[in-house]
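Here is the structure we will look at.
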Amino acid sequence: MKLVILDGHAVNPGDLPWDDFKQFADLTIYERSKPEEVIQRIGDAEAVFLNKINITKEILDACPNLKYIGVLATGYNVIDIKAAKEHNVVVTNIPSYSTDSVAQHVFSFILYFTNHVAMHNDSVQKGDWIRCPDFCYWNAPLMELKGKTLGIFGFGNIGKRVSEIAKAFGMNVIVCTRTPKPDMPKAVTFEELMRLSDFVSLHAPLTEQTKNIINKESLSLMKKSAYLINTARGGFVVEEDLRECLINHTLSGYAADVLLEEPMSKTNPLLNAPNCIITPHIAWAPLETRKRLQGIALENLKAFLNGNPVNIVS
């Protein structure tokens, strides 16, 4: 079987071998692929792995040998699922591989705002402590998390893990979810979540109902002292409204690992916005996490070859 990896660099920039895949297929790896290169690169291959490459009906029409698409991520919105079904192409994804790393990233953002470690290290390295007349100093207010309220929007695997970590810090946890259960933290409405929380962390799926849910109206519900954390989807946020909120100091800070357009555009409203922390979509990217992703991808491929595909989304 011929297998093509269209954009292998994102998952594996060189620190993870693809050798195990070579046991099951004649493998061709491309670090990156432009849209106009996709049809030619798939060619007569029966299987393809990809991360952020769009697979359209036109591509499927042009690649009749294709029988399997393995998405190297949880989200599969890059695939025309309807067209894949029409072409009898099996599509699989990688569920629940990044739960711990994303939850960890959430708290790296929260602790950035509460402890200001980077700010104070920069100050010390510039010699401010050497010149200080006192044994200590701080350039911004420091905050304990114990007793603060964390609002979690969406309560899947990542939301649950974030809740567990928050409780270890002694935080109060409230949750807004479509399916509240008796054993969950206190369930509230979205409006209550925004109004009551000292920190809001977004973990719901992006749907027509949640698209642009962080906007001028919902941001106005938040405390001026509150912080918003987004490691889920850039599409939740009306970025122009958020920038205005940060400029007017009606929100203390925003931290995101995702944007509406990725890579970031030079015209993005959040670029250089005050009290806005942005990382380049790396919450999923620790080595251990990518090893797990690669292992699940291999098991997905083996299951497909054995005639019993798993983690099917088409």
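Over the alpha-carbon set of segment 49-95, divide Rg by the Kirkwood Rh and report the Rg/Rh ratio to two decimals. Radius of gyration relative to Kirkwood radius: 0.92. Across the options ASN230, THR149, SER201, the greatest Cα extent toward the positive end of the charge dipole of segment 139-280 (unit charges at beta carbon of Lys, Arg, Asp, Glu) belongs to THR149.
The sum of -39500 (n - 2.57) across all DSSP H runs of n ≥ 4, divided by the residue count of the chain, sets its helix-only mean residue ellipticity at 222 nm to -9000 deg cm²/dmol.
The trypsin sites (Lys or Arg not before Pro) of segment 82-163 meeting both criteria, a DSSP state outside H, G, I, E and B (loop) and at most 14 other C-beta atoms within 10 angstrom of the site's C-beta, are LYS126, ARG131, LYS146. Counting only Cβ charges, +1 for Lys and Arg and -1 for Asp and Glu, the dipole size of the chain around its Cα centre is about 660 debye. A simple rule links phi to the HN-Hα coupling: the Karplus curve 6.51 cos²θ - 1.76 cosθ + 1.60 with θ = phi - 60°, which for segment 18-26 gives 9, 4, 4, 5, 5, 6, 10, 7, 7 Hz, with x for Gly and Pro.
For segment 157-314, the direction-averaged projected area of the alpha-carbon convex hull comes to 11.7 nm².
Given N residues in segment 1-52, what is its alpha carbon radius of gyration divided by 2.2 N^0.38 Å? Show your work: numbers first, answer last.
Working: Rg = 10.6 Å, N = 52, 2.2 N^0.38 = 9.9 Å.
It is 1.08.
Loop-located GluC sites (Glu not before Pro) in segment 142-221 (DSSP state other than H, G, I, E, B) with a sparse environment of at most 15 neighbouring Cβ atoms within 10 Å: GLU144, GLU208. Averaged over its residues, segment 178-252 has an accessible area of 52 Å² per residue, based on protein heavy atoms and a 1.4 Å probe. Taking every Cα-Cα distance in segment 233-310 and sorting them into 5 Å bins starting at zero, the pair-distance distribution P(r) comes out as 3, 14, 18, 15, 11, 9, 9, 8, 6, 4, 2, 0 percent. Sorting the segments 49-57, 272-280 by their residues' average number of neighbouring beta-carbon atoms within 10 angstrom, most packed first, yields 49-57, 272-280.
Relative contact order, whole percent, for the chain stands at 16, derived from Cα pairs under 8 Å and 6 or more residues apart. For ILE282 and ASN248, the difference between the fully extended length at 0.36 nm per residue and the C-alpha to C-alpha distance is 9.4 nm. May I ask you to list the aspartates and glutamates whose Cα is less than 20 Å away from that of LYS52, ignoring any residue fewer than eight positions away on the same chain? Candidates past the 8-residue exclusion: ASP7, ASP15, GLU31, GLU36, GLU37, ASP61, ASP80, ASP257, GLU261, GLU262.
Set the Cα radius of gyration of segment 1-147 against 2.2 N^0.38 Å, with N its number of residues, and you get 1.61. Kirkwood hydrodynamic radius computed over segment 173-223 comes to 11.7 Å, based on all pairs of distinct alpha carbons. For the chain, the extents of the C-alpha atoms along the principal axes are 70, 48, 37 Å, listed from largest to smallest. Rg/Rh for segment 139-214 (Cα atoms only, Rh after Kirkwood) is 0.99.
Length available on full extension from ASP134 to VAL310: 0.36 nm per residue minus the Cα-Cα distance, which gives 57.2 nm.
Applying a DSSP loop filter and a limit of 15 other Cβ atoms within 10 Å to the chymotrypsin sites (Phe, Trp or Tyr not before Pro) in segment 56-158 leaves TRP129, PHE135, TYR137, TRP138.
The slack in the chain from THR56 to ALA118, taken as 0.36 nm per residue of separation less the alpha-carbon distance, amounts to 18.0 nm. Only Lys, Arg, Asp and Glu carry charge here, each on its Cβ (+1 for the first two, -1 for the last two); on that basis segment 224-298 has a dipole of about 300 debye about its Cα centre.
Pairs exceeding a 20 Å alpha-carbon distance, out of LYS148/LYS186; LYS34/LYS211; LYS146/LYS186; LYS22/LYS291: LYS34/LYS211. Counting only whole DSSP H helices of the chain, the ones at least 15 Å long by C-alpha along their axis and with mean Kyte-Doolittle hydropathy no lower than -0.5 are 99-115, 157-168, 287-305.
The values are calculated or read from the model by the stated rules, or taken from the named source; none is laboratory data. Everything numeric in this text was worked out from a predicted model, so none of it was measured. Using ideal geometry, Cβ is built from the backbone for each residue, glycine included, and neighbour counts are taken over all protein chains shown. What goes into the accessible areas is simple: the full protein's heavy atoms, side chains included, and nothing from ligands, DNA or RNA. Shrake-Rupley method; radii C 1.70, N 1.55, O 1.52, S 1.80 Å.
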